[in-house]
1. I'd like to compare 20-29, 88-97, 54-63: which one has the highest average count of other Cβ atoms within 10 Å, and what's the full order after that?
2. Would you mind calculating the gained length between residue 11 and residue 71 on full extension (0.36 nm times residue separation, minus the Cα-Cα distance), in nm to one decimal?
3. Which far-off residues, 5 or more places away or on another chain, put their amide H under 5 Å from the one on residue 103, with H placed in the peptide plane?
4. Would you grab the residues whose amide H sits under 5 Å from the one on residue 74? Only those 5+ places off in sequence or on another chain, please, with H modelled 1.01 Å from N.
5. Taking K and R as +1 and D and E as -1, what net charge do the other residues with C-beta under 13 Å from the C-beta of residue 116 add up to?
6. Out of (1) 30; (2) 49; (3) 56, which label holds the value of percent of Cα pairs over 22 Å apart that was computed here?
7. Could you work out [θ]222 nm for the chain from helices alone, using -39500 (n - 2.57) per DSSP H run of at least four and dividing by all its residues? Round to the nearest 500 deg cm²/dmol.
Amino acid sequence: HEGAPQMEVVASACPMFVPIVEENWIDYPETKRLVRRSLAKIRQAQVDAIILGCTHYPLLQHVIRASLQKRVVCIDSPAALCNEILRLDPDVFQFAHPGLRRYCFTDVNERLSHMAQTWMQESLQLECIKIPSDVSSEGER
């Protein structure tokens, strides 16, 4: 907003979106009603674009789009970040072992495994990792 002070920014907290995605309740009728109600302030403000400001939100993008005016542009922030990284360093995602992918999480369970495979539309081997405490607290020093 500092770079374009003439623009009006409208913020809207959507605290239920993450649990909806994590519980895989994306296509439930109740979800559509909740998303519509959560975005009422955004609809009323007649915004031109929204930024999906959480990594979970793009998974709800089709529900979010259906809740807003057709002209509203949805900006998928994780995709935008990846595109910017690729623009800055086109080789950043070139790996030493093409085709080998590791999916690492700090907690792995059946629900997560099912959800990840559903989203990625392929069979995945999820790996549980531990992050050393000195690494995770480094930014707080």
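Laboratory data are not the source of any read-out in this text; all were calculated from the coordinates shown. For clarity, every value in this text was computed on a predicted model and none was experimentally measured. Note that each Cβ is placed from the backbone with ideal geometry, even for glycine, and that neighbours are counted across all protein chains shown.
1. 54-63, 20-29, 88-97
2. The residue 11-residue 71 span can extend by a further 19.8 nm.
3. The answer is 127.
4. Sorted by chain and number, the residues that satisfy this are 50.
5. Local net charge: -2.
6. Correct label is (3).
7. Taken over the chain, the calculation gives -10000 deg cm²/dmol.
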